[in-house]
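Report on one structure; see the data block that follows.
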Amino acid sequence: MLTFPGTPQHYPEVKPAEARKKDFEEIYGNFDKIQAAAQASRCSQCGVPFCQIHCPLSNNIPDWLKLTAEGRLEEAYAISSATNTFPEICGRICPQDRLCEGNCVIEKGFKSVTIGSIEKYITENAFASGMVKPISVAQESGLSVGIIGSGPAGLAAADMLRRKGHDVHVYDRYDRVGGLLMYGIPNFKLEKSIVLRRHQLLKEGGIHFHLNYAVKDLGTLQEKHDAVLIATGVYKSRDIRIPEYSLGNIIPALKYLTASNRKELGDTVPGFDNGTLDASGKDVAVIGGGDTAMDCVRTAVRQGAASVTCLYRRDQANMPGSAREVKNALEEGVKFLFLSAPKAFIGNGSVNQILVQQMRLTTHDAPENGERGRQSVAPVEEETFTLKCDLAIKALGFDAEDLPVLLKAPALRLSQYGTVDINKKNFATSIDGVFAAGDIVRGASLVVWAIRDGRDAATAVHRYVTEKQLSKRNAA
Ligand code: FAD
Ligand code: SF4
Ligand code: SF4
């Protein structure tokens, strides 16, 4: 360990921008054993590991780095998978620059340990060597849990609850599992075979999946199961109400990304096949500056758009998403117009221009529309310009759908943000035996937080169902 003074930081090879623009394959390669050991050995084994403190799963990073450096990969996998249900996914798509790696306190002047890539290596090596086995249950509990939603929160909870011997049923309105892992996040960040591989393992471990099953009545699930976990994510796209906002070819980001992901999976997608959701040959403008906007601009590049522009009302320093993704987009030829906000769409039936308002930064940290920690903006009077655009994609964030109505559960209490209100200590909602986790509680967040919430909620659900069973036995 402590080799950082003589071993420079390396990431796995990244495909050059010109090559990666041609397809949807993941852009990062994988370490081999020697590279992983060398990079892991840079860690200085801090007494107080800030990397671990800033990992939402509190992964025991220094230990699995040391084991990797020593070539003890089976033990490294055992430790990394003890706290992370899907380390191969986090290793790929966590914004490490804001989490573990961004807080690595290796000596000043030396670059952080490449933690995410090593986590991915450990797990891919474990899969390739047959170390990753389906869940094996020693004794069935005789208790049943229903989970609504097969995104990372639902899947993490399902994994943990099945390990406790419960009969776990996951319901999802989509035809494939994964939630945003499958239909939101593009292939070039996370190939879908990685998600399908986990689905297969979970199925082999005895978890029942009910796909194409939109839950419309919470009560029916409560009758079937001893407890229910709501992990439905947030899907209501925020809109932009400026003049001519209802022109054609102005579409929400998730509709666009879902069509692209489905196409890559080989599905027939009418909206894509008739050209509406295909950026090929078009002048594309993406409105927004977060990770979803970056996924849209980079998807449009790969679809062969004539030009791709990102309109963001603040400056680059105030962008909410991962700096790594912005850098990737810049390398791939995306044009960024900072301090620029759409003022009106222009067109006849369909959009063909956007009137753009020049903005300026004002106060710091002023809460604006619920956002905190970024500078506010105001228009620069009289400063507008037009941008040619025949496909506008709105990537302005997501809110929760109206769950009490959708699930016919008027007693389900919501927070002031429209998300499900829970008791933070035990993930319990206002309805007895019903729990909630993931984006539907936090609002739009990160995969790693959904996994964390799913795992913690599973502990609370397990406690609830076993106590209920015990009190039934005592009463009998
Ligand atoms: P979801 O993943 O949204 O899953 C919810 C599931 O519930 C869905 O499958 C849905 O079909 C199902 N469902 C909803 N209602 C019902 C119902 N009534 N009946 C049955 N099923 C239902 N995070 C990162 O960490 N890194 C990234 O790079 C990243 N990129 C992103 C890119 C995009 C475009 C988006 C939109 C998000 C991204 N995120 C990223 C955020 C991350 O994907 C989410 O925080 C995470 O997926 C939330 O997990 P979840 O399980 O709570 O919900
Ligand atoms: Fe870093 Fe994410 Fe892995 Fe935690 S789960 S160590 S934050 S990559
Ligand atoms: Fe190693 Fe960096 Fe974590 Fe310290 S903060 S234990 S150097 S990875």
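Brief remarks follow.
- Scope the stretch 63-75; condition closer than 14 Å to SER117 by Cα and within 28 Å of the chain's Cα centre (by Cα); matching residues: TRP64, LEU65, THR68
- If you check TYR183, TYR171, TYR213 for being open to solvent by 60 Å² or more (accessible area, probe 1.4 Å), aromatic (Phe, Trp, Tyr) and away from ligand 2 (no atom under 16 Å from the Cβ), only one passes: TYR213.
- Residue match in the stretch 228-239 (condition: surrounded by 15 or more Cβ atoms within 10 Å (Cβ to Cβ), among the acidic types (Asp, Glu) and either touching a helix residue (DSSP H, G or I) at 6+ places or on another chain (Cβ under 8 Å) or on the phi < 0 side of the Ramachandran plot (or both)): no
- Condition met for VAL177 (touching a residue at least 12 places away in the same chain (Cβ under 8 Å) and crowded, with 23+ Cβ neighbours inside 10 Å): yes
- Scanning the stretch 255-299 for residues that are in contact (Cβ under 8 Å) with a residue 60 or more places away in the chain, within 20 Å of ALA341 (Cα to Cα) and aliphatic (A, V, I, L, M) turns up VAL284, ALA285, VAL286, ILE287, ALA293.
- When SER129, SER112, SER81 are checked against the criterion of being polar (S, T, N, Q), over 22 Å from GLY6 (Cα atoms) and either in contact (Cβ under 8 Å) with a residue 60 or more places away in the chain or within 12 Å of ligand 2 (Cβ to nearest atom) (or both), SER81 stands alone in meeting it.
- Residue within the stretch 122-136 that is buried (at least 19 other Cβ atoms within 10 Å of the Cβ) and among the small types (Gly, Ala, Ser) present: yes
- Meets criteria (closer than 23 Å to GLU191 by Cβ and either open to solvent by 40 Å² or more (accessible area, probe 1.4 Å) or not assigned by TED's automatic domain parsing to the domain that holds GLU325 (or both)) for ASP291: yes
- Qualifying residue in the stretch 67-77 (condition: within 21 Å of PRO5 (Cβ to Cβ) and within 10 Å of ligand 3 (Cβ to nearest atom)): no
- Residues that are open to solvent by 20 Å² or more (accessible area, probe 1.4 Å) and more than 15 Å from ligand 3 (Cβ to nearest atom), drawn from the stretch 91-120: ARG92, ILE93
- If you filter the stretch 238-254 down to residues that are charged (D, E, K, R) and in contact (Cβ under 8 Å) with a residue 24 or more places away in the chain, you find that the one that is nearest to ALA400 (Cα to Cα) is ARG238.
- A single member of ALA329, ALA306, ALA317 is open to solvent by 20 Å² or more (accessible area, probe 1.4 Å) and either at pLDDT below 95 or within 22 Å of the chain's Cα centre (by Cα) (or both), and it is ALA317.
- Among the residues of the stretch 277-288, those that are under 18 Å from SER260 (Cα atoms), assigned to a loop (DSSP other than H, G, I, E, B) and either among the charged types (D, E, K, R) or open to solvent by less than 20 Å² (accessible area, probe 1.4 Å) (or both) comprise LEU277, ASP278, ALA279, LYS282.
The values are calculated or read from the model by the stated rules, or taken from the named source; none is laboratory data. Fair warning: this is a prediction, and the values are worked out from it, not measured in the lab. Cβ atoms come from the backbone with ideal geometry, glycine included; neighbour counts cover every protein chain shown. Heads up: the accessible areas ignore ligands, DNA and RNA and are worked out on the full protein's heavy atoms, side chains in. Shrake-Rupley method; radii C 1.70, N 1.55, O 1.52, S 1.80 Å.
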